[in-house]
Amino acid sequence: MASEHTVGFEPADELAKDRESVRRRFWIKLKRVVAKLPFAEELLAAYYCAFDRQTPRHVQVALLGAIAYFILPFDFVPDMLPVLGFTDDAAVLATAIRMVATHITQEHRDAARAALKRGIGGADAGEA
């Protein structure tokens, strides 16, 4: 039975357990929507942190849950709505990042910035 604090997040929790699926689906969705995301660099830095072997497991779990919510095909606010579409994704990601901010290193941020400069085209599931 889900508590009131977890209602709606169960699919993201399940998806987050499958790291390879998260990795693959993340890049597919990111490439499709990156131009609309004002938080693309933070999202990528969180991604690199989540898949960094040096990142503690509890931090990886928190970030993978937030990233899984981003890639789910349904949302509380549909992503296709102009301006509002990614507000729920941004809120979930911002919360996760705030919880684990000390673990997102300058190296993760630099990798995110480099991926954006490449236009995401050179980034793929093999990078992390």
Backbone HN-Hα couplings from phi across the stretch 25-35 [Karplus 6.51/-1.76/1.60, Hz, Gly and Pro as x]: 5, 4, 5, 4, 5, 4, 4, 6, 10, 4, 5
Phi to ³J(HN,Hα) by Karplus 6.51 cos²θ - 1.76 cosθ + 1.60 over the stretch 97-104, Hz, x for Gly, Pro: 5, 4, 5, 10, 3, 5, 8, 8
Ordering of 63-71, 28-36 by packing [mean C-beta count within 10 Å, highest first]: 63-71, 28-36
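FYI, it's all coordinate maths here, none of it is from the lab. Predicted model only: the values in this text are computed from it and were never measured. Here the Cβ is made from the backbone with ideal geometry for all residues, glycine too, and neighbour counts use every protein chain on show.
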